[in-house]
Amino acid sequence: MSVTTEIGEPVSRPLLAALAGAWAWIFLVFLLGFFEIWARLAYHASFVLNGFNLQSIAVFTAQPFLLAVGQTFVIIAGGIDLSVGFTMGLAAVILAQAVRLADPLLGPWLGVLAGFLAALVAVAIPGLINGLLVSRLKVPPFIGTLGMYGVAEGAGYLAAGGTTVPVSNPVLFWLGNGTLFGVPAPVVVTLVVLAVLHYVLSQTRYGQYTYAIGGNRQAAVRAGIDVRRHTELLYLLSAFCAGIGGCIYTARFSAGAAQAGEPLLLDSIAAVVIGGASLFGGSGTIIGTLIGALIIAVIQYGLVFIDVAPFWQFIAVGIVIVVSVLVDQSRLALTSGVRTDE
Amino acid sequence: MSEPVLSVRNLTKRFGGVHALEGVDFDLHAGEVLALAGDNGAGKSTLIKTICGVHQANEGEIRFRGQAVSFANPRAAREAGIETIYQDLALADNLDVGANVFLGREPMTRRWGLFPALDRARMAREAKRVIETLDIALPRLDRPVRALSGGQRQAVAIGRAIFWNAEVLIMDEPTAALGVPEQRKVVALIRGLKAANKAVIFISHNLADIFAVADRILVLRRGRKAGERLTAETNGDEVVKLMVGSA
Ligand SMILES: Nc1ncnc2c1ncn2[C@@H]1O[C@H](COP(=O)(O)OP(=O)(O)OP(=O)(O)O)[C@@H](O)[C@H]1O
Ligand SMILES: [Mg+2]
């Protein structure tokens, strides 16, 4: 009874597909090589083998990456979270205000702890509301989180009284500017978040269901997955990641600002996309997003380093986003035989 | 004859004023294939959805393994041993074969003896085993199922259903979207299920498929049972007449 004709077998071109799959890595190496050569020729110094440069790039990467890591989960599940930038700002302001209040009463250590708690509780609210809007009330994620973009922006400025909120606390300062074995403390925090969420996405059922929901929501529902609850948790997770980003901002600059994350929103989405995620859902990885965030940071920092007008970075990042999507589409065609109908 | 594994009596389902199903009866035994035939809107999909818990019956009784049942949702039906394979197959295209077979019921292991983690190796191994029992050649199991052909995808969906030891498999138009060679493959799959002593209900508009594999044919017309025939004792003309109501 075996009628085993091979129908619809994709043409397999493994080498090209592998190259396309690893293109973000290749591009990152290319960028580093480019700046390295430039630095040698122009300044007779190394770009890469320079502790200060490496630290700066790591810190440059950490902020958008923290937004992007939660965003990765949301995008894999087929959603998007436009509110992360101002959620981050809200956390930055609430942390600053709370430490200002609590530090004199509880001392520096407990004061900071109270501040973190306050900031996380504050960002849980937009996260939960986003989740509710998308999962229960069926508001399209783009619209629901765009609404929250405005609400979180307003709430952040109100909480800040319209200005930036300075805060001085030694523990907080160390978290923003200290180092641990030469690694900046914000980078250490980011690495921990990276490790935990990479594990969650790649090794747990929660991660697997995130992919399944993005691949075929109906299939996930029929498989008995509680898609609504899962979706709620996704937006909560995204808000928490943004909240951690906001806390790091306040620690670094000893001040909270409602607009702290505004320029990072698009960088975070760009990092996810450059990292290989599809905005239609179903694909993406934390490591990919990390590479995406690194590429953006290297472009931004490198252009400043070689003294190019900073506006070029927008152009460069814009081009990289589009190219990454194009490469990704050809990779899909190469690995699965799927071609876009046109 | 042995006791039927599934037995339906006087099943009635109305949507507002629409009588989608009126007093339908049938029995289904292990190792038997029942085809549901009928014109568009005859109530075939409604019948299987009412059995598998998507809809709740207004009247009538469903007995599964001798016990009256009423499934609150498809998940309850599946846990009891009735698997439904929908026409759109409900596969997550971006996941591989193992992940689809185990979707929602993934086995776990411990990474470095410490952290709970998905047991992907086991998922791949067991998926391979179950697909092999279907006698279908899948080139590779570690690729997203979107790379598979229609018949191969059907095999994955059927593999998922039988992996969990379902006793009753319900398929809504399993051959509808397929080319002729793939249709043959699915017909062969259904024969394999029969040989494995599963009870199968399948909906089809294709009389050739029905006569190729079904033991009995239940014809619905406007929600009512227009007739029930043993495949060996009827022919295409009679079935068509039952469907259109000129018998
Ligand atoms: N959820 C629903 N709400 C209202 N009416 C419905 C619903 N589902 C089915 N019906 C009606 O019930 C009747 C039977 O539909 P059903 O889908 O069971 O037909 P079918 O035999 O599967 O047809 P087809 O061959 O076209 O798939 C139709 O008149 C249909 O319009
Ligand atoms: Mg139907």
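Before moving on, here are some points about what is shown:
- In this structure, B:Val69 does not qualify as within 13 Å of ligand 2 (Cβ to nearest atom) and open to solvent by 30 Å² or more (accessible area, probe 1.4 Å).
- Among the residues listed as B:Gly41, B:Gly98, the single one being assigned by TED's automatic domain parsing to the domain that holds B:Ala208 and either within 16 Å of ligand 1 (Cβ to nearest atom) or in contact (Cβ under 8 Å) with a residue 40 or more places away in the chain (or both): B:Gly41
- Within segment B:183-208, if we keep just the residues that are away from chain A (no Cβ under 14 Å) and within 21 Å of B:Gly159 (Cα to Cα), the residue that is nearest to ligand 2 (Cβ to nearest atom) turns out to be B:Ile203.
- Strands (runs of 3 or more DSSP E) wholly inside segment B:164-247 that include at least 1 residues being of a type in the set (Gly, Ala, Ser) and modelled with pLDDT of 90 or more: B:199-203, B:224-230
- Just one of the listed residues (A:Val74, A:Val139, A:Val165) is among the β-branched types (Val, Ile, Thr) and under 21 Å from the mean Cα position of the chain (by Cα), and it is A:Val74.
- If only residues of segment B:165-191 that are small (Gly, Ala, Ser) and crowded, with 17+ Cβ neighbours inside 10 Å are counted, the one that is farthest from B:Ile51 (Cα to Cα) is B:Ala188.
- In segment B:62-146, counting only helices (runs of 4 or more DSSP H) that sit wholly within it, the ones holding 1 or more residues that are at pLDDT 90 or above and facing another protein chain (nearest Cβ under 8 Å) span B:97-101.
- Among residues of segment A:128-144, those that are under 14 Å from A:Leu82 (Cβ atoms) and assigned to a loop (DSSP other than H, G, I, E, B), counted: 2
Condition check ((1) crowded, with 24+ Cβ neighbours inside 10 Å; (2) in contact with a Pro (Cβ under 9 Å, 6 or more places away or on another chain)) across all residues:
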position	(1), (2)
A:Phe60	no, no
A:Ser83	yes, yes
A:Thr87	yes, yes
A:Arg100	no, yes
A:Leu120	no, no
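- The listed residue being away from ligand 2 (no atom under 16 Å from the Cβ), out of contact with any helix residue (DSSP H, G or I) (no Cβ under 7 Å at 6 or more places or on another chain) and under 30 Å from B:Thr231 (Cα atoms), out of B:Glu59, B:Glu79: B:Glu59
- Filter result for B:Gln56 (within 16 Å of ligand 1 (Cβ to nearest atom), within 14 Å of chain A (Cβ to nearest Cβ) and surrounded by fewer than 22 Cβ atoms within 10 Å (Cβ to Cβ)): no
- Within the option set B:Phe163, B:Phe202, being among the aromatic types (Phe, Trp, Tyr) and either out of contact with any Pro (no Cβ under 8 Å at 6 or more places or on another chain) or more than 16 Å from ligand 1 (Cβ to nearest atom) (or both) holds for one residue only, B:Phe163.
- Taken over segment B:147-156, the residue count meeting the criterion of being under 18 Å from A:Tyr211 (Cβ atoms) and either open to solvent by 40 Å² or more (accessible area, probe 1.4 Å) or within 10 Å of chain A (Cβ to nearest Cβ) (or both) is 3.
- Condition check for A:Ala160: of a type in the set (A, V, I, L, M) and without any contact (Cβ under 8 Å) to a residue 12 or more places away in the chain: no
The values are calculated or read from the model by the stated rules, or taken from the named source; none is laboratory data. Remember, it's a predicted structure, so these values are computed and weren't measured experimentally. With ideal geometry, Cβ positions are generated from the backbone for all residues, glycine too; neighbour counts draw on all protein chains shown. Note: areas computed on protein heavy atoms with side chains; ligands, DNA, RNA excluded. Shrake-Rupley method; radii C 1.70, N 1.55, O 1.52, S 1.80 Å.
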